[in-house]
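Scroll down for the structure; my scribbles are underneath it.
The values are calculated or read from the model by the stated rules, or taken from the named source; none is laboratory data. Here the structure is a predicted model, which is why all the values come from computation and not from measurement. Cβ placement follows ideal geometry from the backbone for every residue including glycine, while neighbour counts extend to all protein chains displayed. We work out accessible area using only protein heavy atoms, side chains counted, and drop any ligands, DNA or RNA first. Shrake-Rupley method; radii C 1.70, N 1.55, O 1.52, S 1.80 Å.
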Amino acid sequence: MKVLAIESTCDETGAAVVESKGNQATVVSEALASSAKIHQEYGGVVPEVAAREQLKVIVPVLESVLKDSGLNPEDLDAIAVAAGPGLIGSLLVGVETAKSLALAWDKPLIPVNHLVAHVFANWIKGDANPKAPEFPALALIVSGGHTDLVFLETADNWQWLGGTRDDAAGECFDKCARILGLGYPGGPALEQAALTANPQHRLELPRPLKHEETLDLSFSGLKSAVSQLVKADPSLDANLLAKEVIEAVVDSLVVKTDLALKQYPAKSLVLAGGVAANQLLRDRLGLVAKHAGVSLFLPELKYCTDNPAMIGAAAILRPRPVTPLMVSAQPTWGVI
Ligand code: KG4
Ligand code: ZN
């Protein structure tokens, strides 16, 4: 099975041709355009600007990915598209383009939930993941807008176990980086700053819900704590705060993942979403997985943040075709 996949949920515009390979997916060709540089000036994504940029690049991106694949439209089995959650203006560009192509080329359309796709990034065959994760699996999804623990009985049968009660992990990184004047996106900016923090210095930041039985998380208090500390002492070392924010977020995520593995025995632990690029999180989950006796799966770095290949992988591994005129840019877990 070969699909042409489109991703345009936030500030990226991507297309990929993805093919099934056993119980995994391989990428035939991919192209990604991003308006992130423009948003840096504003300290966060400006939805109107993102959608206008997407209108400009969607066709060139599609042309490039088809050309690189060496395939013709008749070689494709379906068109896949990220149908939500995401920014509505951005979603409309991808979803309406995908509908038009499906109608014009007479192909089935596969709408894909963006978060489901982040998880299936672990099924993209490559040096990082030569084999597919085995079910049942526990997924930790950590992106800019979501933080969820999900139990995957099979590719199709998922159970949501817990998640953030307020800010997402990535959102917390973005907001803290902004308070510290470190730029956008916050995750990589904090990681960079933390490298030069004095290893002798410590500063304990809050880890709400850490010692409670719940699988829920909470990150909004961390942002407030950082804001108050900076207000009280503007000379505080931003690099040290960056290091401690990462420590606190990663600590909370790791503790709840460990608890979930105890309650829901799994064969694999899969990490998903933009925050999956964080090195400390990758390292600490390695220890948790080892201790629990499960195999850890980490997406290749370029498949952690938003990308079209994961949309294709999800469409191949969990195909749910519809007729093109039925798809709306509908968000969230309803699609799971
Ligand atoms: O999945 P993603 O690309 O977009 C959403 O679906 O939201 O995730 C973006 C989030 C941002 O909050 C960004 O700061 C965070 O992922 N992120 C990171 C790293 N790279 C991106 N967080 C921590 N460490 C990183 N290296
Ligand atoms: Zn994402």
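Annotation: Ala102 fulfils all but one of (1) touching a helix residue (DSSP H, G or I) at 6+ places or on another chain (Cβ under 7 Å); (2) within 16 Å of ligand 2 (Cβ to nearest atom); the unmet one is (2). Taking Pro206 as the residue in question, decide whether it is more than 14 Å from the chain's Cα centre (by Cα) and surrounded by fewer than 17 Cβ atoms within 10 Å (Cβ to Cβ). Considered against the rule, which asks whether it is more than 14 Å from the chain's Cα centre (by Cα) and surrounded by fewer than 17 Cβ atoms within 10 Å (Cβ to Cβ), Pro206 comes out as yes. Checking every residue in the range 309-317 against the condition of being assigned to a loop (DSSP other than H, G, I, E, B) and either open to solvent by less than 30 Å² (accessible area, probe 1.4 Å) or at pLDDT 95 or above (or both) gives zero matches.
The single condition from (1) in contact with a Lys or Arg (Cβ under 8 Å, 6 or more places away or on another chain); (2) more than 20 Å from Thr26 (Cβ to Cβ) that Glu134 fails is (2). Considering the range 247-305, and only residues there that are of a type in the set (Lys, Arg) and under 20 Å from the mean Cα position of the chain (by Cα), the residue that is surrounded by the most Cβ atoms within 10 Å (Cβ to Cβ) turns out to be Lys256.
From the list Leu103, Leu152, Leu87, the one residue that fits, being more than 26 Å from Leu217 (Cα to Cα) and aliphatic (A, V, I, L, M), is Leu103.
The number of residues in the range 246-285 that are at pLDDT 95 or above, of a type outside the set (S, T, N, Q) and outside any helix (DSSP H, G or I) comes to 8. Residues that are more than 16 Å from ligand 1 (Cβ to nearest atom), modelled with pLDDT of 95 or more and touching a Ser or Thr at 6+ places or on another chain (Cβ under 7 Å): does the range 4-15 have at least one? No, the range 4-15 has no match at all.
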